[in-house]
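Comments concern the structure below.
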Amino acid sequence: MTGAARMDPLYRVSWQFCRLVFRLCFRWQVEHVGRVPAEGGVILAPNHASFLDPPLVGAAVTRPVSYLARKSLFSFPLLGWLLRRYRCIPVDRNATAPAGLRTLLERLQAGEAVLLFPEGTRSPDGSLRPAQVGLGLLVVRSQAPVVPVRLFGTYEAWSRHRRLPRPRPVRVVFGHPLDFAPQRREAASADRARLKAIYQEIAQVWEEAVRELS
């Protein structure tokens, strides 16, 4: 399957509601969203500084997006049901090989869009942090391009240190897709040490691409 999945009714209503709220409350600006492939597997890879980041990216694109969410959130029946309807995947951050990453890979192989924050968690000060191994794993095990995304203003609007959001302007800027074909080819026969270095190369390319967005 290579086509883009369709939004189910609940997802679409929530998507439209988020777009309205972001325009009215945060003076939301979206730039170069046309760089996101309209179909086929794709990894959306933004910087991460705020509670707002997942819905901001998801609302900006016109195809449904799969997300990772803490496994503990799914223990609440209603919240767990909603998260699954919103295409969220439970992940245990303490696991050595998170099952959530395997599910993301399956969705990429099915031609879907997935959202992954390479930094792993929200930045404590709004600055860009080094990428974790998750991005490299998804890249070398899939054929999906990576679209770097730069989020501006989200730390000021709702950082991890604030209980409630503030009405600050935010921007979502999409970069050109990154292919990583050379890294995939080398990773196919690389030993463990070289594979770790390849993951680091992928992280550095992503970080440079995000920093260049303005």
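What does the charge count near A187 come to, summing +1 for each Lys or Arg and -1 for each Asp or Glu among other residues with Cβ under 12 Å from its Cβ? Please report the intermediate quantities before stating the final value.
Numbers: positive: R141, R184, R185, R192, R194, K196; negative: E186, D191, E201.
Result for the local shell: +3.
Have a look at the DSSP beta bridges in the chain and tell me what percent are antiparallel, nearest 5.
On the way: 5 of 21 bridges.
Restricted to the chain, the bridges split so that about 25 percent are antiparallel.
In terms of the Cα gyration tensor, with a ≥ b ≥ c the square roots of its eigenvalues, is the stretch 5-77 rounded because a/c is under 1.5, prolate because a/b exceeds b/c, or oblate? Let's see the in-between values first.
Working: a/c = 1.35, a/b = 1.16, b/c = 1.16.
Rounded shape, in that the Cα axes give a/c under 1.5.
Let me have the 222 nm mean residue ellipticity of the chain computed from DSSP H runs of 4+ only, each contributing -39500 (n - 2.57), with the sum over all residues rounded to the nearest 500. Could the numbers behind the result be given before it?
Numbers: 8 runs with 88 residues, N = 214.
Calculated at 222 nm, the ellipticity per residue is -12500 deg cm²/dmol.
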Check your understanding: Where a ≥ b ≥ c are the square roots of the eigenvalues of the C-alpha gyration tensor, would you call the stretch 108-208 rounded, which needs a/c under 1.5, or, failing that, prolate if a/b is larger than b/c, or oblate?
Key -> prolate
Check your understanding: When Lys and Arg each count +1 and Asp and Glu each count -1, what net charge do the other residues less than 14 Å away from L105, Cβ to Cβ, add up to?
Key -> +2
Point to revise | Electrostatic dipole magnitude of the chain [Cβ: Lys, Arg +1; Asp, Glu -1; Cα centre; debye, to 20] | key: 720
Revision key, fill the gap. When D191, D179, D125 are ranked with the fewest other C-beta atoms within 10 Å first, the list becomes D191, D125, D179
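What shape does the stretch 67-141 take by its C-alpha gyration tensor, where a ≥ b ≥ c are the square roots of the eigenvalues and a/c under 1.5 counts as rounded, a/b above b/c as prolate, and the rest as oblate?
On the way: a/c = 1.77, a/b = 1.18, b/c = 1.49.
Oblate, since a/c reaches 1.5 and b/c is not below a/b.
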**Study point:** Net +/- balance of residues flanking P130 in space, Cβ distance below 9 Å, scoring K and R +1, D and E -1
**Key:** -1
Check your understanding: Over the chain, what is the mean sequence separation of C-alpha contacts under 8 Å (at least six apart), divided by residue count, expressed as relative contact order in percent?
Key -> 28
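Only counting other Cβ atoms within 10 Å, I'd like T154, T62 sorted with the fewest neighbours first. The partial results should precede the final answer.
On the way: T154 26, T62 12.
Fewest-to-most ranking of T154, T62: T62, T154.
If neighbour count is taken as other Cβ atoms inside 10 Å, put F26, F17, F117, F74 in order from fewest to most. Kindly include the intermediate steps, with their values, before the conclusion.
Values: F26 21, F17 12, F117 25, F74 18.
By the 10 Å Cβ count, ascending, the order reads F17, F74, F26, F117.
Quick note: the coordinates plus some simple rules give every number you see, no bench work behind them. It should be emphasised that the depicted structure is a prediction, and the values quoted were computed from it without experimental measurement. With ideal geometry, Cβ positions are generated from the backbone for all residues, glycine too; neighbour counts draw on all protein chains shown.
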